[in-house]
Amino acid sequence: MTPWDRTVPTPFARYWLVAALALVIVPHLGRLPAWLALLAVMVMAWQLLRDRYGWEYPGKAIRITLVIIAFGGVLLTNQHLFSRNAGVALLTVMLSLKLLELRSLRDATVVVFLAFFLLASGFLYDQSPGSAAYMLGAVLLLTGALAALNQPDGSPVHLRRHLKFAGGLMVQAAPLMVLGFLLFPRFEGPLWHTLDEGGAGRTGLSGEMRIGEIGLLVESEEVAFRVQFHSPAPDPNRLYWRGPVLWHTDGRGWTQLTEFERRSLDAPPYQPIGDRVEYTLTLEPHDQKWLLALDLPAELPEKASATPGLTIEAEERVGKVRRYQLTSYIDYRILALRPLERELALRLPEGGNPKARALATQWRREAADDREIVDRAIALFANEPFYYSRMPPVLGERNPMDEFLFDTQRGFCEHYAGAFTFLMRAAGIPARVVTGYQGGERNELGDYLIVRQSHAHAWAEVWLGQSGWTRVDPTTAIPPDRIEAQFDLQRFRSTAPVLPRTGGELVGRGFNFFRQGVDALNHGWNQWVLGYNSSRQMQFLRQVGLAELGWYGIVLVGFAAGAIIVALVTLWLLRRPRAADPVARAWQEFCAKLARRGIPRQPGETATAFGERIAAARPELAPKVALITRLYNALRYGHAPRAAWQGRLRQMVREFRP
C-alpha cells in the first residue's frame, strides 16, 4: 500500500470537497430524477454529519447494494443508457456513492476528477456566458479542494492560500486554453454522439397546430433567435420570419406535408420584386430541423434545403446555436401553382363544421373574384365581436371551427389563421397555414434584433391568380379595443419592448437597459465563442497567415506556441520572488545554526533522523533538539496543527544556542 492510499484527508479538506461537489451538482438537480437528486443531497449531508459525529463508513456489501439499486433506477427512468440524461445521471450516481468510501487521498482525488467530468457535462445543456462563468467558479473551488486534500496541514486558516493557488493555476493555464480554442481543428459534428431525447424541455414552434385545445397561451421571454441586418432593415410590421408551413387539416389541427409529398414537390420558382435584404441570423437550439428566415429566402445556408412551402430545413436537428447568413425578398411572386400543390391546398376533411362551409359557399356564390372573398373574411373578423384573447374557451371535438366563428369568437393567432384558411378552402381558394415569428425587439446596445418566443405567430397564405401566394394575417384585423392583453396591444402597435411600471419610467428604462446589456453579452458570446466554427476558424487562420500551412503545419505551430508559453510561464515562476513559508524558514535557520557548529544536515536526511544524529553527537542539546524536531514535524505533516505553534517554533529556534 502506497502513502497515497494511507493518507487520510483532513476534515477541513473533506468539508471543502463536499461544498465544491454541491456547486457542481446544483445545476443538474432540475434535470435529474427526483430520487437521484435526493440521493445526491442525502449522501453529501451524510458525509458532513459523519465527520461531525465520527460515524463509520458503510461496509462493502451495503455499498454494492446501493450501486445496484442506483444503477437499476437509472435504467428504469431512462429509455436507454447512451443518452445525455442517462449519462449525466450515471455520473452523478458514481460521484455520490464514491463519497461513501472517502477513506484515503486516492478516493478523494477520484471524487474530484469525477466532479470535473460532471461539471463539463453542463455544457451539454447550457452554453451561455453565465453558465461558463458559473463553471469557472466551480473549477476554482474544485482545484482549491484538490490543493487542500494534498496538504497535510490543511485547516480553515489556509482557505485563502488554497484559493490563491488554484486561481494562479487557472491564470497560468489561460494562454494554453486560448491557443487551443483558436487552433484546435473544428468539426461540424460533435466529437461523440448520444441518442436523441426528443428535445425535451425546448420551447418554440412545434411543427403542428391544434386549434382550441390550448386553454391558456403562455408567453415566454426566451430568445428564439437574433438578427443583424447588413442592409436597411424592413419596417417592423413586415418582419415575418417563416417557419413550418402546414397543409393538412382534420378540421381542428394542422400538420406538415408527409415525406412522400415533400419528395414529390420541389421548391417553386419565383420572381423577386424589390430590394434584397441581407442579414445574419443566430438561431438558438430548438431540436428541430427548420431554420427560420425572413419571408422568401433567395440563398440557402450550407447543408440546408428548401421545402415546397419555402421553409428552410437543415440536414440535422438544431441542437446547438447555429449562425448563418441569408438573403431574402419581402416582395416576390410565385410563378406557378402545380397540380399537386393545388390539390393539397384545397383538401378538407369530409363532414364537420357545416356553418363555416355554408358561409364560404355563400361568399363564393356572391363574390366577383377570389380577392373579394378574402376581403369578406377579413371584414368578418373586423366587424363581428371577435376578440384576441390569451385565455380562449376550449372548443369541442365535433365542430371546432363553427364554435369559434359563431359562438366563442375568442382566440389568438392560431385560431384566426386556422379558421381563415378553412374558410378559404371551403370557398375553393387554395390556402395554407404558415407558422413562425412576427416582428422583433431592437437592441440598441448591440444594433441587432431580438426575436423571442413571445413573438411566435401564425398567419395564412392564399393563392390569388395574378399575385400568386399572398400572405394574409387575419389576426391584425382585430381592432385594438378588442385585444384583451396590454402586451398584445403593444405588440400589434409596435415592436418596442413592454417595460415594467413598478418604479416609474426611469426604473423601466434602467430595467430595459440592463436587459439589453445582458442580451448583448449573450449575442457577443454566440458570435465569437459558440459561433467560432470551422468556417470562421479558417477565416482567422487566413488572416494570420497560417491557412497555407495545412493542418499538419498548424498543429506543429500550435505545439511550438504551447511550448513557448509553458517555457515563459516556467521562467516567470522561477524568477518570481517567493513568499517564504514561516515553518520552512524557521527550520532552515535551525539547520544553519547547527551547520555553523560543524553539524550540517545531509542531503535527503529526514528531520527525525537529523535530530537523532544531533542528540548522539551533542547529548546536552538533545532535549531542545527533540522539541524543535517534533514541533516541526507536527506543523509540516500533522493533520490539524494549531496556528499558534508556528510562533512557538520561531521563538524556540531564535533562542536555540548550539
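The values are calculated or read from the model by the stated rules, or taken from the named source; none is laboratory data. Here the structure is a predicted model, which is why all the values come from computation and not from measurement. Using ideal geometry, Cβ is built from the backbone for each residue, glycine included, and neighbour counts are taken over all protein chains shown. Please note that ligands, DNA and RNA were not included when accessible areas were found on the heavy atoms of the full protein model with its side chains. Shrake-Rupley method; radii C 1.70, N 1.55, O 1.52, S 1.80 Å.
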Exercise. Mind giving me the FRET efficiency for A174 and E548? R0 is 22 Å, r the Cβ-Cβ distance, nearest 0.05 is fine.
Key: 0.20
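Taking the convex hull of the Cα atoms, report for the stretch 257-377 its projected area averaged over all directions, in nm².
10.2 nm²
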Practice problem: Enumerate the lysines that K593 could reach by cross-link, defined here as Cα to Cα under 18 Å, with residues fewer than 8 away along the same chain left out. | Solution: K624
Quiz prompt | Relative packing of peptides 252-260, 417-425, 307-315 - highest average C-beta neighbours within 10 Å first | solution = 417-425, 307-315, 252-260
Exercise. Mind checking which of V318, P268, F225 is farthest towards the positive end of the stretch 206-356's charge dipole, using Cβ charges of +1 (Lys, Arg) and -1 (Asp, Glu) about the Cα centre?
Key: P268
Quiz item: Per residue, what accessible area does the chain have, given a 1.4 Å probe and all protein chains present, in Å²?
Solution: 51 Å²
Practice problem: Output the peptides 285-295, 45-55 sorted from most to least packed, where packing is the average of other Cβ atoms within 10 Å over each peptide's residues. | Solution: 285-295, 45-55
Quiz prompt | In degrees, nearest ten, helix 84-98 long axis to first principal axis of the chain (Cα) | solution = 20 degrees
Exercise. In nm, give the distance between the simple-model label positions of L159 and V557, each being 7 Å from the Cα along the Cα-to-Cβ direction.
Key: 4.7 nm
Quiz item: What distance in nm separates the simple spin-label points at R365 and E101, each placed 7 Å from Cα in the Cβ direction?
Solution: 8.5 nm
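Hey, any idea what % of the chain's accessible area is carbon plus sulfur with a 1.4 Å probe?
After summing per-atom areas, the C and S share lands at 60 percent.
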Quiz prompt | Value of relative contact order over the chain, rounded to a whole percent, pairs C-alpha under 8 Å and six or more apart | solution = 13 percent
Quiz item: Relative to the longest principal Cα axis of the chain, at what angle does helix 534-543 sit, 0 to 90 degrees, rounded to 10?
Solution: 70 degrees
Exercise. Starting with the highest mean, order 387-400, 616-629 by the number of other Cβ atoms within 10 Å, averaged over the residues of each peptide.
Key: 387-400, 616-629
Self-check item: Antiparallel bridges, percent of DSSP beta bridges restricted to the chain (to nearest 5)
Solution: 95 percent
Quiz item: Could you state the number of Å between the C-alpha centres of the stretch 438-472 and the stretch 317-355?
Solution: 14 Å
Quiz prompt | Alpha carbon convex hull of the stretch 227-312, volume per residue in cubic angstrom | solution = 145 Å³
Quiz item: How much length is gained on full extension from A358 to A584, taking 0.36 nm per residue of separation minus their Cα-Cα distance?
Solution: 71.6 nm
Practice problem: Could you tell me what fraction of 2.2 N^0.38 Å the Cα radius of gyration of the stretch 584-624 comes to, as a two-decimal ratio? | Solution: 1.07
Quiz item: What length, rounded to one decimal in nm, is gained on full extension from E397 through to R238, with 0.36 nm per residue of separation minus their alpha-carbon distance?
Solution: 53.7 nm
Self-check item: Two-site label geometry, R618 and L574: point separation in nm, points 7 Å out along Cα→Cβ
Solution: 3.6 nm
Quiz prompt | Principal axis box of the stretch 82-174, alpha-carbon based, largest edge first, Å | solution = 42, 34, 19
Exercise. Determine which aspartates and glutamates satisfy two conditions relative to K60: a Cα distance under 19 Å, and not lying fewer than 8 residues away in the same chain.
Key: D5, E101, D107
Quiz item: Dipole magnitude of the stretch 324-459 about its Cα centre, charges +1 at Lys/Arg Cβ and -1 at Asp/Glu Cβ only, in debye to the nearest 20?
Solution: 280 debye
Practice problem: Please give the contour-minus-distance gain from L335 to M42: 0.36 nm per residue of separation, less the Cα-Cα distance, rounded to one decimal in nm. | Solution: 98.8 nm
